[in-house]
Amino acid sequence: MNQTETGLNPMQMEAVEHTEGPLLILAGAGSGKTRVLTHRIASLIRDKGVNPWNIMAITFTNKAAGEMRERVDKIVGYGSERIWVSTFHSSCVRILRRHAERLGYANNFAIYDTDDQKSLIKDIMKRLQMDPKLYRDRAIMAAISSAKDEMIEPDQYRIDAGIDWKLQKYAAVYAEYQAELKKNNAMDFDDLLVQTVKLFQQFPEVLDYYQEQFRYIMVDEYQDTNTVQFRFVSLLAAKYRNLCVVGDDDQSIYKFRGANIENILSFEHVFPDAKVIKLEQNYRSTQNILNAANEVIANNQGRKAKRLWTENPEGDLIDLRQFQSGFEEAEYVAGEITRGVRTEGKKYRDYAILYRTNAQSRLFEEKLLLANVPYKIVGGVNFYARREIKDLLAYLRVIENPEDDLAVLRIINVPRRGIGAATINKVQDWEAEQGIRFYDALLEAEYVPGLMRSLNKIKSFTSFLQVLRAKADYLSVKELLNEIIEETGYVADLQAEGTEEAAARIENIDELISKIADYEESAEQPSLGGFLQEVALVSDIDSVDEESDYVLLMTLHSAKGLEFPNVFLAGMEDGIFPSYMTITGDDPSELEEERRLCYVGITRAMQHLTLTCARQRMIRGEVQYNKMSRFVKEIPRELISLERERGEIEDRKPKMDIPTRGSVYAAMKQAFREKPQQAKTFSAQKATKLDYEIGDTVRHIKFGVGIVTDIVDGGRDYEVTVNFDQAGTKKMFASFAKLKKL
DNA sequence: CTCTTGAAGGTTTTT
DNA sequence: CCTTCAAGAG
């Protein structure tokens with residue numbers, strides 16, 4: 001490969017060609033590191049004759065993994081499916097599925113999410129008779145998680161706790177928690193890493209097998225690896241030492257999750273023979289944006305010296321707008337997007353709105369809805385964490401892994417079977433006495449004293465599960481779920497409820513069904529276990545689809561690794577960003593982490609960056625007055641445009657900042673709500689036929705009743721003009737407006 | 001045992 | 001604001 005053929009600059013070339021031995025690539029934002037990684041993999045296969053299956057690449061999201069595989073495929077044309085490209089968690093699961101029994105787990109172990117962890121911790125706290133006022137479950141979960149990140153086992157934790165009675169108590173919960181997980185044949189997220197490393201440490205032959213397999217290892221976003229992940233990688237790479245890590249210390253933003261910035265800062269100490277390559281040319285952003293980012297991050301101490309530069313034009317100034325309230329802020333953003341799309345030929349997907357906390361998405365959602373702008377919110381409540389989804393998944397989990405007592409407990413009385421807390425307590429007491437598993441106790445419920453009428457209910461529950469389990473042998477996952485829905489009457493109950501909320505839940509269930517269908521179509525060997533695993537490890541960002549035309553809303557954390565032509569950084573206020581916690585806390589390194597987050601945010605923008613803030617804002621039902629973020633003040637004045645309004649702005653009536661009434665807003669959201677799958681509808685298929693035409697009277701969920709005055713076939717979608725009785729004339733896309741003919 | 005109601009308490013960021 | 005938890009009636 002030569003430079004002209006690949007379009008790589010000399011530094012990038014060097015990174016691609018340096019394949020033997022440890023390599024640290026310090027890749028600034030937008031410096032083309034993904035290109036380097038893909039070309040490096042391609043070059044290994046094509047030019048150096050390395051077998052695809054001898055390569056492992058760790059990416060930050062499943063989506064990034066898929067894209068990398070695709071790009072390699074384009075360059076090389078074969079073998080990409082044999083490369084291990086995946087996240088840390090997925091790689092570990094894949095390894096553990098084959099060897100978990102060596103660690104005392106069955107290979108079909110369940111994966112517990114944060115919710116599951118929490119219920120388990122609560123259970124244990126109750127059992128240990130701990131006062132929930134004195135001990136916070138969140139704190140305990142965090143403590144256990146960080147212990148695992150550092151590979152500290154319960155015994156060690158207890159020793160380290162010394163005479164601190166509180167930590168001693170934590171240690172007790174930790175030990176019990178770990179025992180319980182094992183008993184349930186389950187692992188939490190952290191365990192996936194920890195157990196894999198344990199596997200490698202305890203079984204040298206297993207380690208050796210994988211060392212032989214993964215002769216070339218690459219890790220993306222290395223600045224955000226934690227200690228276990230570092231151990232995992234270094235163990236695997238210990239034999240052939242072909243370890244290439246790519247990262248940017250300025251973009252380390254996951255300290256709260258155990259990310260250890262030392263991993264990147266001291267890579268050269270751990271691997272003294274490491275080659276270090278810096279990629280400092282930015283191909284993404286304009287001069288002005290890059291300068292702003294450079295100035296902000298320069299305020300941090302203890303970073304590797306570097307300065308990004310670009311050959312890109314200077315570009316627009318950075319817009320800074322301060323508003324009276326969060327409502328006005330959101331309105332402005334929605335308006336700017338509408339304007340850009342209407343007058344500048346921009347696409348909705350050219351825009352992203354980034355904020356510090358998920359809670360900030362609300363206002364934007366509301367205003368975008370009003371402005372008829374298609375959007376998608378990334379993050380927030382995970383789809384698979386919704387109650388109805390977790391309930392149904394719990395059935396599937398119990399079928400797959402009979403030892404998952406936590407899942408059994410979740411569904412034993414869902415839907416209502418008349419098996420209440422009193423009954424469950426009796427069974428649990430007896431179970432503890434006998435030293436058996438909860439589910440096994442249910443099977444032998446006739447021996448449990450004092451059950452009375454509940455006994456029959458338990459019997460019918462367990463026999464229902466047994467039947468399902470038998471059917472699992474020949475039914476597909478989809479059929480199985482239908483069976484569950486049918487037999488439990490889960491959807492029927494919701495239908496009977498007849499509320500908005502119930503309807504939304506049913507919609508979610510429908511979506512779950514189609515997700516299963518998708519899975520069964522696309523997976524090589526679809527199985528119940530495979531589906532549950534996939535579900536446990538997806539993140540919301542994985543479902544973002546570049547083809548679809550919508551504005552993306554997400555936290556700064558979720559935006560890592562992405563880029564957009566136009567970025568709004570919202571809520572630039574002290575107390576929001578940087579967050580209240582870091583300002584009041586006394587750890588200056590936390591402020592630096594926030595600053596890195598700001599750096600990440602700024603560098604997402606390719607052409608245009610807008611910073612917004614509000615003088616006053618409703619937080620938790622209270623009005624807060626915030627100063628403009630200190631980060632904004634770190635940007636040189638000459639890079640900023642304060643121009644109040646641009647172009648003519650229609651004379652606005654004085655705004656009443658009254659939030660849309662909850663019910664109306666909820667209803668609109670409902671009508672509009674964006675399911676990942678519906679997302680495709682926007683771009684791929686317009687409504688094939690409209691059930692109304694010019695002259696018809698229609699109803700819009702927000703604007704009320706009106707008459708259709710025009711319908712234009714815009715190719716992708718119909719653009720409908722409606723003259724509303726109340727709201728005046730509006731143009732809107734048919735697939736969004738959800739107009740109902742009257 | 002279930003459902004309703006009211007009060008209290010709590011918020012970064014996520015695989 | 002929104003979720004979670006406890007208490008009390010049916």
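Expressed as a whole number of Å, what is the distance separating the alpha-carbon centroids of segment A:291-365 and segment A:208-254? Answer, in whole Å: 33.
Given Cβ point charges of +1 (Lys, Arg) and -1 (Asp, Glu) and nothing else, what value in debye, to the nearest 20, does the dipole of chain A about its Cα centre take?
Roughly 800 debye, rounded to the nearest 20.
Over chain A, the fraction of Cα-Cα pairs per 10 Å bin, rounded to whole percents and listed from the shortest bin up, is 2, 12, 21, 24, 22, 14, 5, 1, 0. Look at the Cα gyration tensor of segment A:437-569: its axes a ≥ b ≥ c give a/c of at least 1.5 with a/b over b/c, and that counts as prolate. Each label point was placed 7 Å from the Cα along the Cα-to-Cβ direction; for A:N723 and A:T584 their separation is 5.6 nm. Under the classification rounded if a/c is under 1.5, otherwise prolate if a/b is larger than b/c and oblate if not, where does segment A:110-184 fall, given a ≥ b ≥ c as square roots of the Cα gyration tensor eigenvalues? Here segment A:110-184 falls in the oblate category.
222 nm [θ] for chain A, helices only, -39500 (n - 2.57) per DSSP H run of 4+, per residue, to 500?
The helix-only estimate for chain A comes to -14000 deg cm²/dmol at 222 nm.
Here is the list for segment A:70-147: trypsin sites (Lys or Arg not before Pro) lying in DSSP coil, each with at most 10 other C-beta atoms within 10 angstrom of its C-beta, are A:K133. Computed from the C-beta positions of A:A503 and A:A421, the FRET efficiency with R₀ = 35 Å rounds to 0.75. Only protein atoms count toward the accessible area here, which uses a 1.4 Å probe; on segment A:402-455, the carbon and sulfur part of that area reaches 51 percent.
Subtracting the Cα-Cα distance of A:Q495 and A:Q201 from their residue separation scaled by 0.36 nm leaves 100.6 nm.
In the context of the full set of protein chains, residues of chain A present 45 Å² of accessible surface per residue (probe radius 1.4 Å, heavy atoms only). Here A:A179 and A:T357 are evaluated by their C-beta separation; at R0 = 30 Å the FRET efficiency comes out at 0.25.
Between A:D710 and A:S641, what length comes free when the chain is fully extended (0.36 nm per residue of separation minus the Cα-Cα distance, one decimal in nm)?
Roughly 20.9 nm would be gained on extension.
Sites listed here are GluC sites (Glu not before Pro) in segment A:411-503 whose DSSP assignment is loop and whose Cβ has at most 15 other Cβ atoms within 10 Å: A:E444. Of the residues A:T286, A:G335, A:S548, the one whose Cα sits farthest towards the positive end of the charge dipole of chain A is A:G335 (charges of +1 on Lys and Arg Cβ, -1 on Asp and Glu Cβ, taken about the Cα centre). When all protein chains stay in place and ligands, DNA and RNA are ignored, the 1.4 Å accessible-area order of A:L181, A:L409, largest first, is A:L409, A:L181.
The values are calculated or read from the model by the stated rules, or taken from the named source; none is laboratory data. Keep in mind it's a predicted model, so treat the numbers as computed, not measured. Heads up, the Cβs are rebuilt from the backbone with ideal geometry, glycines too, and the neighbour counts pull from every protein chain shown. To get the accessible areas, we keep the full protein, side chains included, count just its heavy atoms, and leave off ligands, DNA and RNA. Shrake-Rupley method; radii C 1.70, N 1.55, O 1.52, S 1.80 Å.
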